[in-house]
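One structure is given below, encoded as structure tokens.
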Amino acid sequence: MKKFFFSMTISFLILLVINITWVFVNIYMFVVHGIESIISGQTLIENIYYSIYLRWILLADLIWLISWFVFILQRKSYKTNSDLHYLQFEKIEKPKICIIIPTYNEELSIEKVVKDFINQEYVEHVIVVDNNSSDRTVEIAKDSNAKVITKNENKGYSHSLVLGLKEAIKTDANIIGTVEADGTFNAYDLQKMIPYLDNCDMVIGTRQNQVMTEKGNQNSGFFVWANFILAKLIQMKYVSLEHMGIVNLTDVGCVYRIMKRESLEKIVDKLTHNGTDQPIGGVGIGLYFTMQCIENDQKIIEIPVTFKKRIGKSKISGVSTGKTIRVGLNFLWLILTV
Ligand SMILES: Nc1nc2c(ncn2[C@@H]2O[C@H](COP(=O)(O)OP(=O)(O)OP(=O)(O)O)[C@@H](O)[C@H]2O)c(=O)[nH]1
Ligand SMILES: [Mg+2]
């Protein structure tokens with residue numbers, strides 16, 4: 001099935017290029033040589049039949065569409081049980097939240113982020129997992145009353161995230177959340193996210209609503225569209241004829257999310273390579289996490305969250321377009337191959 005989805009996506013991209021090229025070539029022929037150069041027959045069918053490429057292009061498009069339809073029809077029997085993704089209501093009577101904050105040289109923002117979350121109702125634990133920062137991040141996080149886990153070397157963002165999740169399970173929290181250390185997210189959005197957990201297992205934020213974003217935030221046109229298109233690709237991967245799939249996503253890169261403890265327990269060991277502490281997916285760990293939830297029948301709801309300008313220096317998305325494209329391709333590869 002993975003191979004089928006992979007081939008469908010790659011063949012879609014190839015066909016898209018071929019179709020667009022054909023249109024442009026014909027526009028060129030029309031402009032340079034006139035209408036006769038592109039019309040070969042008397043009727044539409046004859047025109048298609050006598051055209052050198054058009055009939056083959058249309059045939060390929062048709063085969064692709066039929067294959068896609070077959071793919072959707074047998075969707076229900078693919079891993080996830082769509083019946084589980086209908087309305088359920090289970091109130092969390094006494095939320096106890098543990099928030100994980102992976103950090104790397106965030107001395108300018110960490111105090112505000114930690115304190116804002118500690119001050120939120122229901123937040124009982126804030127765990128900062130530091131990636132061997134060379135600035136005062138650790139010291140400030142400790143002074144701000146976070147529990148701080150340090151490392152002797154930088155093992156990457158994903159390593160910190162998974163380490164933090166495993167640590168969170170050791171606490172008495174019944175809700176585990178993750179957030180960035182750079183001050184881009186607001187702690188108060190937690191209060192909007194918590195009620196949705198009554199209906200699902202994980203609530204993910206989306207940064208795609210402009211009215212919820214502060215001017216100067218990291219949402220460039222490329223960033224927004226890449227996140228959106230990749231999110232829709234995940235949706236397509238798990239599409240069903242009803243509801244356009246069991247999950248509705250618009251932002252693959254958002255790591256502000258909360259999850260029920262029992263759900264995390266089912267997923268957490270699947271986030272690392274067998275028997276190691278090496279996370280799967282690298283910078284795409286958030287997206288991999290999302291897909292693991294879906295594949296393990298955990299229900300996801302995505303809701304708008306506020307998104308602010310970053311405090312301090314950008315480390316991933318804002319560094320260079322080249323780096324952002326590499327991250328995007330890494331995300332695409334994960335969606336197609338996992
Ligand atoms: N780059 C990087 N970030 C880390 C690491 N460990 C923890 N982080 C934290 O992970 C978060 C993600 O990095 P950001 O710099 O915010 O990356 P981004 O959100 O994709 O883009 P910008 O906010 O524009 O940089 C930050 O809060 C970092 O402090 C690490 O090893 N490398
Ligand atoms: Mg950030």
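Summary table below
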| item | result |
| --- | --- |
| Rounded Å value of the spacing that divides the Cα centres of the range 115-184 and the range 1-66 | 53 |
| Given charges at beta-carbon only (K, R positive; D, E negative), |dipole| of the range 160-223 in Debye | 120 |
| Cut-off under 5 Å, modelled amide H: who pairs with T213 long-range | F307 |
| Farthest positive-ward along the chain dipole, Cα basis, beta-carbon charges - from Y50, M202, I175 | Y50 |
| Residue of G312, G286, G245 that the Gaussian network model of the chain assigns the largest fluctuation, springs spanning Cα pairs under 10 Å | G312 |
| The chain - share of DSSP beta bridges that are antiparallel (%, nearest 5) | 30 |
| Helix axis angle, 157-169 relative to the chain longest principal axis, alpha carbon, degrees | 50 |
| Nearest-20 debye value, the chain charge dipole, Cβ charges on Lys, Arg, Asp, Glu | 360 |
| Whichever lysines have a C-alpha closer than 29 Å to that of K215, once near sequence neighbours (fewer than 8 apart) are set aside | K112, K115, K192, K232, K308, K309, K313, K315, K323 |
| Residue range of the chain that is longest and free of GluC sites (Glu not before Pro) which are both DSSP loop and sparsely packed (at most 13 other C-beta within 10 Å) | 243-338 |
| Cut-off under 5 Å, modelled amide H: who pairs with N132 long-range | K151 |
| Derived scalar couplings ³J(HN,Hα) [the range 302-315; Karplus, 6.51 cos²θ - 1.76 cosθ + 1.60; whole Hz; x for Gly, Pro] | 9, 10, x, 10, 6, 9, 10, 5, 6, 9, x, 7, 5, 10 |
| ³J(HN,Hα), Karplus 6.51/-1.76/1.60, whole Hz, each residue of the range 128-133, x for Gly, Pro | 9, 10, 9, 9, 6, 4 |
| The chain: angle of helix 2-33 to the longest principal axis, Cα-based, in degrees nearest 10 | 50 |
| Three-way shape call for the range 34-107 based on the alpha-carbon gyration tensor, with the a/c threshold at 1.5 | prolate |
| Net dipole in debye of the range 1-91 [+1 Lys, Arg Cβ; -1 Asp, Glu Cβ; about Cα centre; nearest 20] | 560 |
| Relative contact order of the range 2-73, pairs being alpha-carbon contacts under 8 Å that are 6 or more residues apart, as % | 30 |
| MRE, 222 nm, helices only [DSSP H, n ≥ 4, -39500 (n - 2.57), over the chain, to nearest 500] | -13500 deg cm²/dmol |
| Karplus-derived HN-Hα couplings along the range 203-209 (A = 6.51, B = -1.76, C = 1.60, θ = phi - 60°), whole Hz, x at Gly and Pro | 10, 10, x, 10, 9, 8, 9 |
| Where chymotrypsin sites (Phe, Trp or Tyr not before Pro) fall in DSSP loop in the range 19-107, at most 11 other Cβ within 10 Å | Y86, F89 |
| Gyration tensor (alpha-carbon) shape descriptor, the chain, a/c threshold 1.5 | prolate |
| Inter-part distance where the range 276-338 and the range 195-254 are each reduced to a Cα centre, Å | 11 |
| Between 0 and 90°, nearest 10: helix 221-237 axis offset from the chain longest Cα axis | 80 |
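FYI, it's all coordinate maths here, none of it is from the lab. For clarity, every value in this text was computed on a predicted model and none was experimentally measured. With ideal geometry, Cβ positions are generated from the backbone for all residues, glycine too; neighbour counts draw on all protein chains shown.
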